[in-house]
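Following: one structure in structure tokens, then a few remarks.
Where a number appears in this text, it was derived from the coordinates with a stated rule and is not lab data. If you're wondering where the values come from, they're calculated on a predicted model, not measured in any experiment. Every residue, glycine as well, gets a Cβ built from its backbone with ideal geometry; the counts of neighbours run over all protein chains shown.
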Amino acid sequence: VIESPRHAAPVPHCAARRRLLAGAIAALLAGAAIGTANAQATETQVKAAYLYKFLAFVEWPLQTFTRPDSPIVIGVLGGQAISEELALLTAGRQVEGRPVQVRRLSSDTVPADVHVLFVGADAADRLGKLAAASKDRPLLIVSESQEGLLHGGAINFVLAEDRVRFEVALQPIESRGLRVSARLLAVAHRVKANPL
Amino acid sequence: MNRMTPGCWIGARRFHRCGAVPLSVASRGRLGLLISLAAAALPAMAQSLADLSLEELATIQITSVSRRPESLSDAAASIYVITADAIRRSGATSLPQALRLAPNLQVAQVDASQYAISARGFNNAIGNKLLVLIDGRTVYTPFFSGVFWDQQDVMLEDVDRIEVISGPGSTLWGANAVNGVINVITRPARLTQGTRVAADAGTDVHHLAVRAGGAFGDGAHWRLYAKHRHWRHTESQAGASLADGGQHSQAGFRAGWSSGTDLLVLQGDVYDGRSDRRGSAAQPFPAVEWSGANLLARWTRTSADGSNWRVQGYVDRARRDDAFLYRPEIDIADFEFQNGLSGERHKVLWGGGVRHARDRIRPGLIFGFHPERRSMRWANLFVQDAIALTPDLALTVGLKLEHNGFTGLETLPSARLAWKLADRGLLWAALSRAVRAPARLDRDISLPPQPPFIIAGGPDFDSELAHVAEVGWRSQTSPAWTWSATLFHHRWDRLRSGELPPNAQVRNQIEGSTSGFEAWSAWQPVAAWRLSGGFTVLHKRLRLESGSRDPEGPRSLGNDPRLQATVRATFQPAAQHEVELGVRRIGELPDPVVPAYTAVDLRWGWQVRPAIGVALAAFNLLDAGHVEFGAAGRSVQPRHAQLQVRATW
């Protein structure tokens, strides 16, 4: 149904980010024109795909992984449908040579070896507490609630014109020692320096 | 798997050194609904989605099985969606103000709190061809088929979106959705957690709203809100106070329980408001007072096979005490259900409903209703089938049968054809038959309340009838540039007319047509800059039927501009700042003449802290005041400003 992408976007250095942004919009237009125009999926599927895709655009501090092939662990709190979709989608896939593990979390503590925390809408009320408790750890928190960024999320899913988009807050990314790719920011629906 | 090209890595500090900050202007943000789908759904699709790039994921259109089977962007109708972001950026603090953002609506402020709102013409303060819903509850007043806009309020901060459909929506929504449907949709309780305060202090309007949200446990959420609004009176062109200032207080709640396939929503509101005291010191006249309450329950079930059920019931009580015009009290009970079924090529939606209203309309100085009390009942059944003729061509045919106590059975059919042009958008065409069923105002009204009458009801008044043809074309794929254009033609029969007094009766002796064009577009060339705009052109050809003894003619059916146009520009000069400029040009209203005017609104928003935002909004910035509607002694809409504070924790 969906053809593979045909626009590799070689990204220059920082100074050319404006151009990159324009390029990304063009790529986005091109992508839409090429063949995804009629592509449809459920919200759950698209969010799961994003969660997997984000991994390649985020850099954790060197000491985070013990070995070059240590797995990247996505912890999921709430959002059961998305976690099941994500497990299905990441089975057998690797990112930069690392296998991807999906782990359902039930308690209010995030295990030390979790790298990405996804908090589903049904657990949104626990987001703030979790974010505060894991404050200085290199943890990428992704949410899907109205005030997700405000409560400590770094990336938050939003719906715009029947499409799933995401917004990014830079402050929690920087303070946790993470780095994100400019390409991710270029695709973001909006980027905020501060959470709100 | 697509190889990533991560390029330059950005932590926030380095990011700032880089200079340009690509802060997007939150273009069409809309908050997500989590659809709890069975995980087994389409595993092959899930696998292939993982092979798409980030950019491509952003273009995937999502289908929502819990909503009506057709997604909005596929609908063969003229639809504009006002997003929560757009409302915030505009600085609107009331529902009618927010509706000004829809280019396919005509919004004219009549006085300090009353509005005339319509689509495709026939605009007046008792406009009766538009159906307005707030979270599934019809808010038009059945005794005149129109909306008291000063009586309808929502916590604007919790609105998810407002869907505005211009043109008939009668097959799904029933009689009165002749010229359009306004669907105000608030967020589910689980998306409004925490405390939010919105406070506005202004030269003319003060407003305070507070909401608190929380959870009962797994999958159960609630919110409570309360708000108060206070507005200053306006003045006539001669400078006399119009005693139209007033205040409105409202409180409400919403609770939601979701468990995988089932969703239960319970919500309600109570409100109370009053205008200033009218008349003069020598001859005082009491204030207009209104109050009301409503309670709604809705249950939705979505099955793994894509079928869904929706059952909804509500009760609504409203009272308005206007010693000058009339004093209605109305109790409404409404029940409806619908069932959506998805097959390989067919998507069927069918359902029905009953509605019962019991009212008492005591006379004012000017009007009376005979009989004073009446009970009325409406019932309907509808079915609609969306047939995929080819992967790109969809035909939707539908029929609604609606029964009312005045005219019996009304038939409301429609046929819509949508053709997806790969990368060139969606081309659509529609044919509909719509009716505006008689209201108490048409049948039972008298002027004055006691004989001898000038107007003596309309015992023979029949439904007003419209046959509508529409053709539209709109973009579908690119989030950076969206547009829509619609041509329409409405043929009218049996429109409301009058007679020479005394004992004039309300008749159906105006006919003719209205036709026009509505178009809008939004363009976001770079993240920090967004431009949007739209316009409508309307041409009315209405005439009295031969034999009519109506001295007024079509002029009493609304006062509409030939042309109106709006442009909005949003600019984000720095990370925490956003500026929006809105300009609207409304053409001259012909009868009575209201001169054309241009209004400029400006809002500057500053996110002081993550949880605190401050904005300065100025309305009618460039003119000292203008008239938007009305005849002699009409209200001038002044320049006014507001300091707006939003806090969340």
Reachable aspartates and glutamates from B:LYS420, criterion Cα separation under 12 angstrom, eight or more residues apart if same chain: B:ASP74, B:ASP392
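With a/c under 1.5 counting as rounded, go ahead and sort region B:141-180 into rounded, prolate or oblate using the C-alpha gyration tensor (a ≥ b ≥ c being the square roots of the eigenvalues; past the cut-off, prolate if a/b is larger than b/c, else oblate).
Numbers: a/c = 2.82, a/b = 1.32, b/c = 2.15.
Taking the square roots of the gyration eigenvalues as a ≥ b ≥ c, region B:141-180 is oblate.
Using the alpha carbons of region B:92-177, what is the convex hull volume per residue in cubic angstrom, as a whole number? Present the calculation step by step, with values, prior to reporting the outcome.
Numbers: hull volume 8.2 nm³, N = 86.
With only Cα atoms used, region B:92-177 gives 95 Å³ per residue.
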Dipole of region B:233-362, positive end: most advanced residue of B:VAL265, B:VAL354, B:PRO328 [Cβ charges, Cα centre]: B:VAL354
Summed residue charge, Cβ within 11 Å of A:ASP122's Cβ, Lys/Arg positive, Asp/Glu negative: -1
Ordering of B:378-389, B:172-183 by burial proxy (mean other Cβ atoms within 10 Å per residue, highest first): B:172-183, B:378-389
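Show me the trypsin sites (Lys or Arg not before Pro) within region A:105-196 that DSSP assigns to loop and that have at most 15 other Cβ atoms within 10 Å of their Cβ. Walk me through the numbers on the way to the answer.
Numbers: sites: A:ARG126, A:LYS129, A:LYS135, A:ARG163, A:ARG165, A:ARG176, A:ARG179, A:ARG183, A:ARG190, A:LYS192; in loops: A:LYS135, A:ARG176.
When the trypsin sites (Lys or Arg not before Pro) of region A:105-196 are filtered for loop state and at most 15 Cβ neighbours within 10 Å, A:LYS135 remain.
Give me B:HIS539, B:HIS207, B:HIS490 sorted ascending by neighbouring Cβ count inside 10 Å, so fewest comes first. Mind dumping the intermediate values first?
Numbers: B:HIS539 13, B:HIS207 20, B:HIS490 25.
Result, fewest neighbours first: B:HIS539, B:HIS207, B:HIS490.
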Likely footprinting exposure, A:LEU51, B:LEU427, fewest C-beta neighbours within 10 Å first: B:LEU427, A:LEU51
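Rank the residues B:PHE148, A:PHE65, B:PHE453 as a footprinting-exposure proxy: fewest other Cβ atoms within 10 Å of their Cβ go first. Working shown, then result.
Values: B:PHE148 22, A:PHE65 16, B:PHE453 19.
By the 10 Å Cβ count, ascending, the order reads A:PHE65, B:PHE453, B:PHE148.
Before rounding to the nearest 500, sum -39500 (n - 2.57) across all DSSP H runs of length at least 4 in chain B and divide by the residue total; then give [θ] at 222 nm in deg cm²/dmol. Please report the intermediate quantities before stating the final value.
Working: 7 runs with 37 residues, N = 649.
My calculation for chain B gives -1000 deg cm²/dmol from helical runs alone.
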In order through region B:580-596: 3J(HN,Hα) via Karplus (6.51 cos²θ - 1.76 cosθ + 1.60), integer Hz, x for Gly, Pro: 10, 10, x, 10, 10, 10, 10, x, 5, 8, x, 8, x, 5, 10, x, 4
Amide proton proximity set for A:ARG104, modelled H, under 5 Å, gap of 5+: A:VAL76
Charge dipole of the protein assembly as shown about the Cα centre (unit charges at C-beta), most positive-ward option of B:PHE285, B:THR486, B:GLY533: B:GLY533
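Dipole size in debye (nearest 20) for chain B around its Cα centre, Lys and Arg Cβ +1, Asp and Glu Cβ -1?
Numbers: 71 positive and 61 negative charges, 194 e Å.
Here the size comes out at about 940 debye.
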Global size of chain B as Cα Rg and Dmax, reported in angstrom: 25.0, 86
Calculated FRET efficiency for the pair B:LEU427/B:SER546, C-beta based, R₀ 30 Å, to 0.05: 0.15
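For a test of the definition: using alpha carbon positions, the gyration tensor, and the 1.5 limit on a/c, classify region B:178-249 as rounded, prolate or oblate. Mind dumping the intermediate values first?
On the way: a/c = 4.35, a/b = 1.95, b/c = 2.23.
Note, shape of region B:178-249 comes out oblate.
Quick one: work out the % antiparallel among DSSP beta bridges in the protein assembly as shown, nearest 5.
Expressed as a percentage, antiparallel bridges in the protein assembly as shown total about 90.
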For chain B: relative contact order, % (alpha-carbon pairs under 8 angstrom, 6 or more apart): 12
Cα gyration tensor category, rounded, prolate or oblate, for region A:131-196 with a/c compared to 1.5: oblate
Per-residue HN-Hα couplings for region B:380-388 [Karplus 6.51, -1.76, 1.60; θ = phi - 60°; Hz; x = Gly/Pro]: 8, 9, 9, 9, 9, 10, 9, 10, 7
Given charges at beta-carbon only (K, R positive; D, E negative), |dipole| of region B:197-331 in Debye: 140
Dipole of chain B [Lys/Arg +1, Asp/Glu -1 at C-beta], most positive-end residue of B:THR407, B:ALA430, B:THR203: B:THR203
Within the protein assembly as shown: Cβ-based charge dipole about Cα centre, in debye rounded to nearest 20 (Lys, Arg +1; Asp, Glu -1): 1500
Built amide H within the under 5 Å cut-off of A:ARG176, gap 5+: none
Residue mean of other protein chain beta carbons inside 10 Å, A:163-172: 5
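What is the sum of charges, Lys and Arg at +1 and Asp and Glu at -1, for the other residues whose Cβ falls under 12 Å from the Cβ of B:GLY245? Display every interim value, and only then the final one.
On the way: positive: B:ARG229, B:ARG232, B:ARG274, B:ARG277, B:ARG278; negative: B:ASP111, B:ASP150, B:ASP204, B:GLU235, B:ASP244, B:ASP276.
For residues surrounding B:GLY245, the net value is -1.
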Residues with amide H under 5 Å from that of B:ARG278, placed H, sequence gap 5 or more: B:PHE285, B:ALA287
Integer Hz, Karplus 6.51/-1.76/1.60 couplings in order for region B:620-627, x for Gly and Pro: 6, 4, 9, 10, 6, x, 9, 9
